[in-house]
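Working notes, structure below.
The values are calculated or read from the model by the stated rules, or taken from the named source; none is laboratory data. Please read all numbers here as calculations on a predicted model, not as lab measurements. Note that we place each Cβ from the backbone using ideal geometry, even for glycine, and neighbour counts take in every protein chain shown. Please note that ligands, DNA and RNA were not included when accessible areas were found on the heavy atoms of the full protein model with its side chains. Shrake-Rupley method; radii C 1.70, N 1.55, O 1.52, S 1.80 Å.
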Amino acid sequence: DGGVPVATHAPVLIEEPDKVGASFVGHTLLGHMARVNPHWKAMETSPDTLVVFSGPHGYVSPGMHGEEPSVPTWNYASVHLTGTVELITDPDGMLAVVERTVREMESPRSPEWKPSEASRDVFERILKGVVAFRLRVRDETALFKLSQDQQDGVRDRIRDAFAEPSGPDANPALAGLMTRVDPRESDQ
């Protein structure tokens with residue numbers, strides 16, 4: 001360990017999504033990871049945890065600015081949630097988290113995969129290799145840099161470079177986010 005932060009890419013779900021408003025603070029996330037991953041042991045001894053959700057991001061070349069002098073930078077969007085983790089150790093609780101994760105991840109797919117009774121038996125057998133957790137969110141920070149500090153013409157050129165589907169900087173998700181979070185719009 002040596003005091004180095006630990007990070008794991010894992011699916012997390014909102015325990016009661018219908019109750020979340022403009023903030024995640026006070027709400028609970030559910031997740032799971034493989035038991036062979038030592039991260040859960042760190043959670044057990046230090047339950048304060050950071051969860052990071054990354055949005056679109058990309059390199060902004062000085063050439064995208066269309067004026068000199070310019071410097072390279074990075075556009076990004078993310079949300080950081082901090083809270084306290086509680087491990088879920090009972091088999092029924094762990095199985096509920098795994099099954100709910102599958103349901104939520106499958107729901108947008110067409111056709112949606114539905115577990116059979118045989119699949120449930122497999123899920124129950126693999127629980128020995130899974131650790132589930134609950135994170136009670138106490139703080140959130142939304143971070144974004146979308147060239148909002150640039151003049152309108154420069155910001156438009158950067159967004160348009162990301163929007164160009166065949167261009168070297170093609171990043172339609174980032175271009176779309178820059179359009180939605182335009183500082184020229186009111187209430188932004």
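Hey, could you check the range 101-116 for residues that are part of a helix (DSSP H, G or I) and more than 14 Å from M33 (Cα to Cα) and say which is least open to solvent (accessible area, probe 1.4 Å)?
Restricting attention to the range 101-116, the residues satisfying the condition of being part of a helix (DSSP H, G or I) are 101-106.
Cutting the leftovers down to more than 14 Å from M33 (Cα to Cα) gives us 103-106.
On the way: R103: 132, E104: 75, M105: 99, E106: 32 Å².
Among residues in the range 101-116 that are part of a helix (DSSP H, G or I) and more than 14 Å from M33 (Cα to Cα), the one least open to solvent (accessible area, probe 1.4 Å) is E106.
Residue count for the range 117-138 under the criterion of being more than 20 Å from A34 (Cβ to Cβ) and either of a type in the set (S, T, Y) or within 20 Å of the chain's Cα centre (by Cα) (or both): the result is 3. Flag not set for A77, criterion: open to solvent by less than 80 Å² (accessible area, probe 1.4 Å), in contact with a His (Cβ under 9 Å, 6 or more places away or on another chain) and either among the basic types (K, R) or in a loop (DSSP other than H, G, I, E, B) (or both). Could you grab the pairs with beta carbons closer than 7 Å, sequence gap of 6+ or different chains, first residue in the range 154-166 and of a type in the set (G, A, S), second one open to solvent by less than 90 Å² (accessible area, probe 1.4 Å)? Pairs that qualify, where the first residue is of a type in the set (G, A, S) and the partner is open to solvent by less than 90 Å² (accessible area, probe 1.4 Å), are A161/M64; A161/G167; A161/D169; A163/A175.
For the range 86-94, the count of residues that are modelled with pLDDT of 95 or more, within 25 Å of R180 (Cβ to Cβ), touching a strand residue (DSSP E or B) at 6+ places or on another chain (Cβ under 7 Å) and not aliphatic (A, V, I, L, M) is zero. Against the criterion of being open to solvent by 40 Å² or more (accessible area, probe 1.4 Å), at pLDDT below 95 and of a type in the set (S, T, Y), S70 does not qualify.
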